[in-house]
Amino acid sequence: MLSSLFRLTSLRSRKTPVGITSSWSIFRQKWNGTEEYDHIRAEVNCPRCSNQMPVLFSNRPLSITAREPGLFQALNLCRNCKTAFYFRPFKLVPLQGSFVELGRIKGDAEGISRKDPGGIRKLNDDCDGDKDDVSGRLERELPTPKEIYGRLDEFVIGQQKAKKVLSVAVYNHYKRIYHSSEKNEASELGDNDEHVANDFVELDKSNVLLIGPTGSGKTLLAKTLARIVNVPFVIADATSLTQAGYVGEDVESILYKLLVEAKFDVEAAQHGIVYIDEVDKITKKAESSNMGRDVSGEGVQQALLKMLEGTIVNIPMPDKGARRNPHGDSFQIDTKDILFICGGAFNDLEKTISERRQDSSIGFGAPVRENMRTSPLITAAVASSLLESVESDDLIAYGLIPEFIGRFPILVGLSALDEDQLVEVLMKPKNALGKQYKKMFNMNGVKLYFTETALRLISKKAMAKNTGARGLRAILESILTEAMFEIPNTKMESHRVNAVLVDEEALGSVDERGCGAKILYAEDEMDRFLAKEKH
Ligand SMILES: Nc1ncnc2c1ncn2[C@@H]1O[C@H](COP(=O)(O)OP(=O)(O)OP(=O)(O)O)[C@@H](O)[C@H]1O
């Protein structure tokens, strides 16, 4: 996609001054962790559609100008008209320069305008300098923590505390982004002293670390949040990452995926959410057992530090064939506004927490210790309570390095789902598994029915497997496979399947297989069964 974007290099050259409309600022940052370059962040009007767009100039040499040193230049894509430009200012103060239009991305044909990955971005797009208006829009368009919580509730069962903490964290994260755009507007308008003083208050970024057993909804929470605030979202696996210089997926590849997800709209990518799973596998402890290769967990944590905090990362543009070329031009992604959510199961972390709190001082005391040894159910409840009080020191004791933990001011503990919650997971959320299978059978004109006892048994089986909600799908798949195999072959009236029933017999018991879902042919068979059940 990108090669077509830049194929039209130097198609047209317009000598139009770069109009600085709202803000510009200079800062110095390392590129590729070694050389230091100056950067100028500016707002310009797109010469094609006149929409405002943010541009990041830097004096890093680009191959487009034969690597001429010392020039401030930028490559940028107008997200409104999807036109790529090369910018080269001929004066720095006030910033003025010329545009070279590089070409346009075909919108729908390549799916570029398939969706606008930045509902959030619309706010910035519309900033027209009226401060009240910016604040007003902030209030109108950014969902409040309660609204975010309400939407999460539609998809995620239980985890009330995590949902609340995340709603506030995400709201504050995007408010922080608007705060900086609002700040720029205010200083342009020459606002009063109090506002000017407030401008110097920098809001820190708040990445989130989710700690909870497998199948408790960590990934689901992150994915749903990204959908609610309508920003690009990617999932990365910490175990596949390598420290600098090692062969394997590198840290930059996460940002490349985010850029792809944002359809190469740099600003949208910079406001996205990245979920990094399995961070408990890059602890010092896990190095020998889990990584299975010559890469230190600590090295990977080190490699992630800069990106988590906020740095400008260079993402090489793909060559023809969509391969990334490290020697070619690149997109620059500033990670300071990307929200990083990390997740991990951190098995047995509760023991570390318990040790820290020396058991008796936590209020549970000896009876709880006894319970932890004897009853797995109570142990799960106690473990959840302990996880809620997790602190940085516990994670350091677990093997995360202090610098890594320091970049996660928000720690959230998730609890294992209990039997009732697993039954809800099956049927309640908007796209619950049970609803999905019902829809699938409905497509063949067949009704799928689960009895209450069957739903409980499915949950019990999942709990016995210790895989949380993750295990539900495998159980459903195994009891419904036979029915899904038969039904498409029974289109003839005489053999038409009317309904499929999942009852206790279909499931067997917690540790034994049942007979599988029952296929009902006669039209009234299901009605008779339901009447009997009611009776
Ligand atoms: N609390 C929940 N509410 C609704 N569905 C859930 C919940 N937890 C898990 N699920 C479902 O279970 C499956 C696995 O969940 P998810 O990937 O979020 O688990 P996880 O905690 O990230 O697990 P892991 O640590 O193994 O990555 C998904 O299909 C998800 O829809």
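The values are calculated or read from the model by the stated rules, or taken from the named source; none is laboratory data. None of the values given here were measured: they were computed from a predicted structure. Here Cβ is always computed from backbone atoms with ideal geometry, including for glycine, and neighbour counts include all displayed protein chains.
Please specify each residue of the range 428-440 satisfying the condition of being more than 8 Å from the ligand (Cβ to nearest atom) and closer than 16 Å to LEU480 by Cα.
GLY434, LYS435, GLN436, TYR437, LYS438, LYS439, MET440 - these are the residues of the range 428-440 that are more than 8 Å from the ligand (Cβ to nearest atom) and closer than 16 Å to LEU480 by Cα.
In the range 116-133, is there at least one residue being outside the structural domain of PHE264 (by the TED database), part of a loop (DSSP other than H, G, I, E, B), modelled with pLDDT under 50 and under 16 Å from the mean Cα position of the chain (by Cα)?
So far as the range 116-133 goes, yes, one or more of its residues are outside the structural domain of PHE264 (by the TED database), part of a loop (DSSP other than H, G, I, E, B), modelled with pLDDT under 50 and under 16 Å from the mean Cα position of the chain (by Cα).
One residue is enough: does the range 411-423 have a residue meeting the conditions more than 30 Å from ALA169 (Cα to Cα), touching a residue at least 40 places away in the same chain (Cβ under 8 Å) and within 16 Å of the ligand (Cβ to nearest atom)?
no
Can you tell me which residue among ARG357, ARG373, ARG369 is under 21 Å from THR283 (Cβ atoms) and at pLDDT below 80?
Only one candidate qualifies: ARG357.
Here's a check for you: in the range 391-427, which residue that is part of a loop (DSSP other than H, G, I, E, B) and touching a strand residue (DSSP E or B) at 6+ places or on another chain (Cβ under 7 Å) is farthest from SER206 (Cα to Cα)?
Among them, the one singled out is LEU414.
Look at LYS465 and say whether it is within 16 Å of the ligand (Cβ to nearest atom) and assigned by the TED database to the domain that holds GLU424.
yes
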